[in-house]
Amino acid sequence: MHINDSFLTSQFGEEYLYLINRNAFEKQPSHAIFENLYDEKLHTEERFYIILGTDSGLLLDHVVQLEKPVDTRYLFIELPEVIERLEHKNKLDELPEYITITTIDKWKDSATAFGMDLYLYKDYCQFIKSVAAIDSFVPAYNAAILQFEQEFQSYRFITRATLGVSPFMSPQLMNICENQTPALVFKHKFKGDTCIILAGGPSLDEDIEWVKEHKDHIVIIAVSRIARRLNQIGLIPHIVVSVDPYEISYDVSKELLLFPPNVLFLHSNSVTPFLLAQWHGKSAYLNRRYPWDEKGDEKNLKSAGPTVTNTALKAAVDMGFSNILLSGVDLCFSEKGVTHASGSNEANIGPTLGRPGTWVKTYAGKTVETLIVFGTAGERLSEIAEEAKKTDQAVYNLSPNAACLPHIEHVPSSALSFTHDKENYADKLLSCIPVMTTSEIQHDYNVVNTNVKRVLADVKDIKRLAEKALTANEQLFKEKGNESENFKFKIQMDKIEKKLNTTFKRTSKFIKNFGIDKFISSAQANSSDEWSDDKVEKTGKLYYQAYIVTCENLIILLDKALERINSRIEEQKPTPRLSIMFAQWEKDRILGRAQHWLEKTHVDQSTFTSEEQSTFERFAKIHTADIHNVETKHLTRTKEEASLDGVRRKVITLFHQKNIDALTTLINSLKISMETEEQAKVLYNLGLAYSSILTESYQDALYYFEQLPPEQIEEDELQQLAGIAYKLKDYGLAKACLQELSVLSITYLPQFTKLLRLLGDEKIALNYFHQCIEQDPKNVFLWNGLGEFYFNGKAYDSAKIAFETALSNAPDDKRAKEFLQKLNALPSNT
């Protein structure tokens, strides 16, 4: 890409590069556009803003002029060519120390050197797109967005993973009784066996029948989100896996509760309690049971991010399977633009077309689209597969239409056969789980109860210590000039800190992990600032307030956990108090647990009162209705994401990238969407028009452009129509397009006047120049354009006057200087 245009000047006196921003700043001054678009987004204290694009330097100027928020930094990412133009205009001289600029290829190094990691720990990084990046008239911006988002998500995942599991500790506490059997019981128990992991990608449909046929020769491991589909076709897995703590995970996975109880539920310690607490079969948890350090608790199999499929593969490797097959692990769109298997909300709603993605090769060698999160998941899957090779375990993907990943080979299901006898894998799995008597379960719950009470007592003690330290911190700086007297408060704070790090070391660590965001907030981002007494006092205040607030939150959670544990203990009693159980189930919204308790209990149900019987019936009715309700939050979100917003610019970007495979896939997807979306037909024809240009089928391209409504013929289309008209020698059409483009922007005037000259309309061409110059007599671009027009017509004296006028308005203008050198080099008699 070459950005050789001169800066144009808007009617508000602001300079911009037309190729970058077109007419974005001609209707309103830039500051008004930025304030409307970003509102308060750029004003927040203690933020690390990553801004893609400078809008020809206007957004950079806007940020420089803002009042600096405390401890906030701005990192601009810009195209190298634009940076060069801005440097030439001296727009990058003496930027404030809290603002820097870099290129997309160097952003990570620049961000790290600029102190991004501390902000990332706090989750205080914010990505902002400039107007130029949003519009992406220059396709390089779109490519930069995708590159940044992919690299940032991967870097963020790795960086944030080091913080522990603070967002997951609350559901972990809720699951503390159900997290009874560690997945460690399955370690290396399946050496020599083969398993298949079924995920939610579209290729799942290709191998379902093969899996059903061989279900007694392989262990079937399914991710929870395909439970609805598996129930529909009557395929029951041996293991179902779920990891997400969020309620929306229940929306997409709740049909797993319909599986028979001999299915093993393998889950993270923080899986949503709506699934785990209502599961009626055996289960095993990954990671730690407790959110604090308990002896031996770390000895367990671990989950792996960022998706449930990563965890399923990691578990399969740890369980010892020699051959691990993948189906529905596409990590990319199908050729029709579908991301999920039939039966899912995503498949029912239709392709997600407007969301930006990257393009990958499948095992079949085709180029298809993938989402950034899929790319990150693929990298991690490849790492797990590479590690598995070291223990002679192999991972294979059954689908030729899946994204091709290193260390995972493709093998079609037709090439596989099994010589060993059928095996009852459900029994083998369940035999690994220790059988617990009622008294053993009660004992386990009592141990959990004791541990939670101990930690709760510690948290209350730590809160009191933090309150004392906070008071001492205030007293330390209260009276200026009385440091020797105040020093006793420093000694008091040191003693408290020592106690926190010794007597309460284990619980303090738990508190800091749980409240990591608050404790990191007490760390100062801007270490270059001078550490005044006020700043030292503020830092200490934030630190002890982090302790106090976190302790307050934990006291509430731990109290609730104790109530829940007591309810679970009540469930095991020979004569339980049903009112306690009813209240807890209703409070936790796990009414399905009632029916499963009835199925397992040895309590004489004939002793229940009519009111108690009625409560059980009411709970069962509500739970059944909930399981079969398809109008979920996830469905609503999926409908929103299936919007066609962004598809138009995506078509144009793929055209400029000459990505014919990707454009063809998008066209196929739009053809499907035409059945339900009227706008899809317009975009379908638009895609065919641009695709026809790439295949040099210009007559077809012209036909498809003509199918578009007039209001859909925008600047990009006029550019292409003008080019097609030249190739087809339809100069009347070319003239009409260039004339309309010249109205949109004077940058098209040189092309338009050149065509007019070719058509013999030189006087009309000159009139256009003179009219425009009369309206904007200091416009360097116009004077240069007029000079070049005269130069090409060998009117050298007039050309010289035009270029000299350009230089009088812009003494450093490169283009005018070059032409004047050419003119001065001409023989004197020309």
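None of the figures in this text is laboratory data; all of them are computed from the coordinates on show. Computed from a predicted model, the values in this text were never measured in an experiment. With ideal geometry, Cβ positions are generated from the backbone for all residues, glycine too; neighbour counts draw on all protein chains shown.
Once a ≥ b ≥ c are taken as the square roots of the eigenvalues of the Cα gyration tensor of the chain, is the result rounded (a/c under 1.5), prolate (a/b larger than b/c) or oblate (a/b not larger than b/c)? Cα axes put the chain in the oblate bin.
Judged by the mean number of other Cβ atoms found within 10 Å, the most tightly packed of the peptides 364-371, 407-414 leads the ranking 364-371, 407-414. Basic side chains Lys and Arg get +1 at the Cβ, acidic Asp and Glu get -1 at the Cβ, and with that the dipole of the chain about its Cα centre reaches some 2200 debye. For the stretch 644-727, the set of GluC sites (Glu not before Pro) satisfying both a DSSP loop assignment and a count of at most 13 other C-beta atoms within 10 Å is given as E675, E696, E714.
Among the GluC sites (Glu not before Pro) in the stretch 79-133, those located in a DSSP loop and surrounded by at most 11 other Cβ atoms within 10 Å of their own Cβ are E94, E97.
As an exercise, identify the trypsin sites (Lys or Arg not before Pro) in the stretch 27-90 lying in DSSP coil whose Cβ has no more than 11 other Cβ atoms within 10 Å.
Working: sites: K27, K41, R47, R73, R85, K89; in loops: K27, K41, R47, K89.
Filter output for the stretch 27-90: K27.
Using the rule -39500 (n - 2.57) for each DSSP H run of four or more residues, divided by the residues of the chain, the 222 nm mean residue ellipticity is -16500 deg cm²/dmol.
If we count other beta carbons within 10 Å of each Cβ, what is the order of D588, D421, D559, fewest first? Mind showing how you got there, number by number?
On the way: D588 18, D421 7, D559 12.
Fewest-to-most Cβ neighbours within 10 Å comes out as D421, D559, D588.
Inter-label distance, K191 to K89: 6.9 nm, where each label sits 7 Å from its Cα along the C-beta direction. A straight chain from V743 to T103 at 0.36 nm per residue would run longer than the Cα-Cα distance by 227.0 nm. Annotation: extensible slack from D444 through D39 equals 140.4 nm (criterion: 0.36 nm per residue apart, minus Cα-Cα distance).
With a length cut of 30 Å (Cα positions projected on each helix's long axis) and a Kyte-Doolittle mean of at least 1.6, go through the chain and give me the DSSP H helices that pass.
Numbers: long enough: 139-161 (33 Å, -0.32); 438-476 (56 Å, -0.55); 533-571 (57 Å, -0.35).
Counting only whole DSSP H runs, no helix qualifies.
The stretch 15-70 and the stretch 169-200 have Cα centres separated by 49 Å. With the charge dipole of the stretch 191-281 set up from +1 on Lys and Arg Cβ and -1 on Asp and Glu Cβ about the Cα centre, the Cα lying farthest toward the positive end among the listed residues L266, I196, V211 is that of L266.
For a paramagnetic label modelled on D700 (point 7 Å from Cα along Cα→Cβ), amide N atoms under 14 Å away belong, within the stretch 659-683, to 660-661, 663-665, 667-668.
About its Cα centre, how strong a charge dipole does the stretch 438-576 have in debye, to the nearest 20, once Lys and Arg get +1 and Asp and Glu get -1 at the Cβ? The partial results should precede the final answer.
Values: 25 positive and 22 negative charges, 76 e Å.
So the magnitude is around 360 debye.
Given H placed on each backbone N at 1.01 Å, which residues far from L326 in sequence or on other chains put an amide H within less than 5 Å of it? For L326, whose amide H was placed from the backbone, the distant partners under 5 Å are I197, Y396, N397, L398.
Beta carbons within 10 angstrom, averaged per residue: use that to sort the peptides 758-767, 199-208, 815-824, highest first.
Packing order, densest peptide first, comes out as 199-208, 815-824, 758-767.
Quick one: work out the % antiparallel among DSSP beta bridges in the chain, nearest 5. Walk me through the intermediate numbers first.
Working: 8 of 49 bridges.
Antiparallel: roughly 15 percent of the beta bridges in the chain.
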